[in-house]
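A short worksheet on the structure shown next.
The values are calculated or read from the model by the stated rules, or taken from the named source; none is laboratory data. Keep in mind it's a predicted model, so treat the numbers as computed, not measured. We place every Cβ from the backbone using ideal geometry, glycine too, and count neighbours over all the protein chains shown.
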Amino acid sequence: MTPSERAAAVFERLDPVYPDKRPLLEYSSPFELLIAVILSAQTTDAQVNRVTPELFRRFPTPQALAAAEPAEVETLIFSTGFYRAKARNIRAAARALTEQYAGELPCTMAELTGMPGVGRKTANVLLGVLCDRPSIVVDTHFGRVVRRIGFTTARQPDRVERELAAIVPAEIRTELSMALNFHGRYVCTARNPACFRCPIADLCLFEEKTSAPQTEDIP
Ligand code: SF4
């Protein structure tokens with residue numbers, strides 16, 4: 001089996017296991033998803049979801065957030081960590097959205113990564129979810145799973161993205177990326193991968209596969 005064939009087979013198995021491949025971040029507009037993804041750096045989606053309702057209630061538009069008092073934004077997002085840098089970035093991104101793009105999120109990697117606080121990971125989330133572009137979101141879960149399966153040995157996110165893009169057909173790229181992300185959260189977890197109940201175990205090259213339930217998995 002070539003890596004491309006293996007990627008297609010992995011998708012075929014995981015697609016029905018994770019039918020809802022929408023992000024776990026809550027949002028009701030492109031602006032809100034942009035801000036939520038920036039806030040999700042170095043924290044959990046659940047933590048971001050705890051702060052964004054009040055943030056977006058106070059600042060419902062890019063214009064309002066761009067003009068916000070830094071201290072108020074910092075207080076609202078404090079619990080997501082790195083709150084000073086994140087407050088600066090989300091205000092600056094809101095300003096760029098307002099001033100450069102008339103409030104409409106752009107749909108190219110170059111434009112998105114030109115916005116403050118937006119790296120390739122954030123841009124790929126936005127491209128995949130909002131722009132319907134093939135995208136690979138390399139976060140901690142995705143990176144771990146694709147290394148274990150044997151699709152790459154790279155650790156650097158840009159390289160992981162490049163190597164996966166080379167073997168995953170464009171038409172399944174976004175969905176496979178999300179499915180592998182969920183697989184990393186729920187089955188192929190960092191400390192204790194549940195290989196014994198993994199639907200892609202026979203397609204995975206991980207040498208330390210677990211074959212029986214681990215103590216902490218037994219209720
Ligand atoms: S077999 Fe184990 S290591 Fe491989 S993807 Fe499944 S849970 Fe992860």
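Condition check ((1) touching a residue at least 60 places away in the same chain (Cβ under 8 Å); (2) touching a strand residue (DSSP E or B) at 6+ places or on another chain (Cβ under 7 Å); (3) surrounded by 22 or more Cβ atoms within 10 Å (Cβ to Cβ)) across all residues:
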site: Val129; (1), (2), (3): yes, no, no
site: Asp132; (1), (2), (3): no, no, no
site: Val138; (1), (2), (3): no, no, yes
site: Pro169; (1), (2), (3): yes, no, no
In region 86-103, anything farther than 20 Å from Ser28 by Cα and loosely packed, with under 15 Cβ neighbours inside 10 Å is listed as Glu99, Gln100
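Residues are listed down the side, and each one gets a yes or a no for (1) away from the ligand (no atom under 12 Å from the Cβ); (2) in contact with a helix residue (DSSP H, G or I) (Cβ under 8 Å, 6 or more places away or on another chain); (3) among the polar types (S, T, N, Q); (4) outside any loop (DSSP other than H, G, I, E, B):
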| position | (1), (2), (3), (4) |
| --- | --- |
| Glu111 | yes, yes, no, yes |
| Gly128 | yes, yes, no, yes |
| Asn181 | yes, yes, yes, yes |
| Thr210 | no, yes, yes, no |
Has region 156-179 got any residue that is assigned to a loop (DSSP other than H, G, I, E, B) and of a type in the set (Ser, Thr, Tyr)? no
When restricted to Ala46, Ala36, the only residue part of a helix (DSSP H, G or I) and either in contact with a helix residue (DSSP H, G or I) (Cβ under 6 Å, 6 or more places away or on another chain) or acidic (Asp, Glu) (or both) is Ala36
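Answer yes if at least one residue in region 24-46 is over 18 Å from the mean Cα position of the chain (by Cα), among the small types (Gly, Ala, Ser) and modelled with pLDDT of 95 or more, and no otherwise. Reasoning before the result, please.
Of all residues in region 24-46, those over 18 Å from the mean Cα position of the chain (by Cα) come to none.
No, because not a single residue in region 24-46 is over 18 Å from the mean Cα position of the chain (by Cα), among the small types (Gly, Ala, Ser) and modelled with pLDDT of 95 or more.
On the basis of being at pLDDT 95 or above and either more than 9 Å from the ligand (Cβ to nearest atom) or out of contact with any strand residue (DSSP E or B) (no Cβ under 9 Å at 6 or more places or on another chain) (or both), does Thr215 make the cut?
On the way: at pLDDT 95 or above: no; either more than 9 Å from the ligand (Cβ to nearest atom) or out of contact with any strand residue (DSSP E or B) (no Cβ under 9 Å at 6 or more places or on another chain) (or both): yes.
So Thr215 fails the test.
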Picked from region 145-162 (must be out of contact with any Pro (no Cβ under 9 Å at 6 or more places or on another chain) and of a type in the set (D, E, K, R)), the residue surrounded by the fewest Cβ atoms within 10 Å (Cβ to Cβ) is Arg155
